[in-house]
Protein chains: 2
Amino acid sequence: MLRLSKLTDYAVVVLVRLAGMEGVQTSPGIAAATGIPEPTVAKVLKTLAAGDLVSSQRGAKGGYRLNRDLAAIPVSDVIAAVDGPIALTACVDGSASECESQGLCPMRGRWDPVNDAIQSALSRITLADMQVALLPAFRTPVAQVPFQSAAE
Amino acid sequence: MLRLSKLTDYAVVVLVRLAGMEGVQTSPGIAAATGIPEPTVAKVLKTLAAGDLVSSQRGAKGGYRLNRDLAAIPVSDVIAAVDGPIALTACVDGSASECESQGLCPMRGRWDPVNDAIQSALSRITLADMQVALLPAFRTPVAQVPFQSAAE
DNA sequence: GTTATCCGGACTACCACAGTCCTGATTGTT
DNA sequence: AACAATCAGGACTGTGGTAGTCCGGATAAC
């Protein structure tokens with residue numbers, strides 16, 4: 001299923017929100033704006049800060065600020081920051097230390113072309129691309145909106 | 001991390017092995033040849049049979065046979081057969097039933113372009129491509145095993 | 001000094017996957 | 001006809017990672 005962590009999705013939402021405002025924004029503020037629970041938002045932001053996607057400012061009146069423009073952030077960067085390096089299988093690159101029986105370990109550099117293809121595909125899609133898909137559905141008041149099955 | 005299930009990797013190994021022989025092959029035989037535990041091989045083969053990638057023949061002298069050539073099997077098909085439909089997030093396609101608050105569900109059709117890009121990339125890589133990366137490493141130890149089923 | 005905020009962990013509950021096993025159904029062989 | 005070999009389709013359990021929360025400490029504005 002190629003599962004992608006929910007945190008990564010949250011990260012995209014948070015980053016887009018971060019891009020929409022001027023100054024720094026606080027975790028609680030973003031949480032309120034996005035509907036994502038505050039502790040989770042905080043966790044995501046900390047992760048993104050560690051990945052150099054956002055900058056943080058401590059203390060009162062502190063908050064987070066986007067480092068680059070949305071168009072300069074490929075999805076692969078977000079995934080790498082939140083979920084770690086993009087790799088389909090356990091032992092792909094450097095972690096080829098203990099692959100059971102070294103000789104016939106089924107996993108080899110075999111998935112490398114696949115990894116590369118995915119990495120390449122994800123590098124070409126930026127958050128700006130995802131933002132446009134987000135806009136029509138977003139911005140709608142949380143209230144009302146019985147069932148706006150927009151996507152698809 | 002875009003984790004891919006181990007079963008999918010096993011599936012590739014099994015399929016490549018299946019392509020290397022002429023007649024039908026049994027689960028125990030493939031298990032011995034690949035080093036993958038027998039029950040796991042059986043499970044993978046059953047899954048692959050359900051996905052129409054291999055055909056099965058019951059009874060004594062039964063076994064499995066590859067349906068298409070390796071070059072005609074894109075990786076995406078294997079992943080879809082083993083891990084289910086390729087989708088990065090939980091609610092992408094039909095499962096848009098209960099996305100928490102319907103109004104501001106962060107996940108939308110937003111990841112669709114990403115999904116499409118990955119799907120497209122995976123469709124262009126076939127098992128034949130992965131086989132070449134496998135060959136040099138394979139063929140080594142554990143050979144010797146005379147798993148030659150009785151008559152052949 | 002007080003307050004608001006980020007930092008960096010530790011921590012728990014849960015769910016999907018990995019792997020095994022069991023009971024049938026099918027088919028060739030004796 | 002009985003037997004043996006094989007696949008079919010489950011159920012089942014242990015483990016690992018993810019999701020989500022929370023706490024004490026550091027930093028900076030007022």
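The values are calculated or read from the model by the stated rules, or taken from the named source; none is laboratory data. In this text, all values refer to a predicted model and were calculated from it rather than measured experimentally. Heads up, the Cβs are rebuilt from the backbone with ideal geometry, glycines too, and the neighbour counts pull from every protein chain shown.
Table: residues versus (1) more than 11 Å from DNA strand D (Cβ to nearest atom); (2) more than 11 Å from every other protein chain (Cβ to nearest Cβ); (3) in contact with a strand residue (DSSP E or B) (Cβ under 6 Å, 6 or more places away or on another chain).
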| position | (1), (2), (3) |
| --- | --- |
| B:Gly20 | yes, yes, no |
| B:Ser27 | no, yes, no |
| B:Ile30 | no, yes, no |
| B:Thr34 | yes, no, no |
| B:Lys43 | no, yes, no |
| B:Thr47 | no, yes, no |
| B:Ser55 | no, yes, yes |
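Can you tell me which residue is modelled with the lowest pLDDT among those in region A:123-152 that are facing chain B (nearest Cβ under 7 Å) and part of a helix (DSSP H, G or I)?
A:Leu134
Can you tell me which residue is modelled with the lowest pLDDT among those in region A:1-51 that are more than 10 Å from the chain's Cα centre (by Cα) and of a type in the set (Ser, Thr, Tyr)?
Filtering first and then ranking leaves A:Thr34.
Out of all the residues in region A:52-69, which are of a type in the set (A, V, I, L, M, F, W, C) and modelled with pLDDT of 95 or more? Quick ask: steps written out before the conclusion?
Taking region A:52-69 and keeping what is of a type in the set (A, V, I, L, M, F, W, C), we get A:53-54, A:60, A:66.
A:Leu53, A:Val54, A:Leu66 - these are the residues of region A:52-69 that are of a type in the set (A, V, I, L, M, F, W, C) and modelled with pLDDT of 95 or more.
What is the number of the single condition among (1) within 14 Å of chain B (Cβ to nearest Cβ); (2) over 18 Å from A:Thr126 (Cα atoms) that A:Leu4 does not meet?
It fails just one condition, (2).
Somewhere in region B:30-52, is a residue more than 14 Å from DNA strand C (Cβ to nearest atom), assigned to a strand (DSSP E or B) and buried (at least 16 other Cβ atoms within 10 Å of the Cβ)?
Scanning region B:30-52, I find no residue that is more than 14 Å from DNA strand C (Cβ to nearest atom), assigned to a strand (DSSP E or B) and buried (at least 16 other Cβ atoms within 10 Å of the Cβ), so the answer is no.
Could you tell me which residue of region B:14-29 is nearest to DNA strand C (Cβ to nearest atom), considering only residues that are assigned to a helix (DSSP H, G or I) and either in contact (Cβ under 8 Å) with a residue 40 or more places away in the chain or among the hydroxyl-bearing types (Ser, Thr, Tyr) (or both)?
So the first thing to find is which residues in region B:14-29 are assigned to a helix (DSSP H, G or I), and the list is B:14-20, B:27-29.
Within this subset, residues satisfying the condition of being either in contact (Cβ under 8 Å) with a residue 40 or more places away in the chain or among the hydroxyl-bearing types (Ser, Thr, Tyr) (or both) are B:15-16, B:18-19, B:27-29.
On the way: B:Leu15: 16, B:Val16: 17, B:Leu18: 18, B:Ala19: 22, B:Ser27: 10, B:Pro28: 12, B:Gly29: 16 Å.
Among them, the one singled out is B:Ser27.
Answer with yes or no whether B:Ala90 is over 19 Å from the mean Cα position of the chain (by Cα), farther than 24 Å from A:Gln119 by Cα, of a type outside the set (S, T, N, Q) and modelled with pLDDT under 85.
On the way: over 19 Å from the mean Cα position of the chain (by Cα): yes; farther than 24 Å from A:Gln119 by Cα: no; of a type outside the set (S, T, N, Q): yes; modelled with pLDDT under 85: yes.
Considered against the rule, which asks whether it is over 19 Å from the mean Cα position of the chain (by Cα), farther than 24 Å from A:Gln119 by Cα, of a type outside the set (S, T, N, Q) and modelled with pLDDT under 85, B:Ala90 comes out as no.
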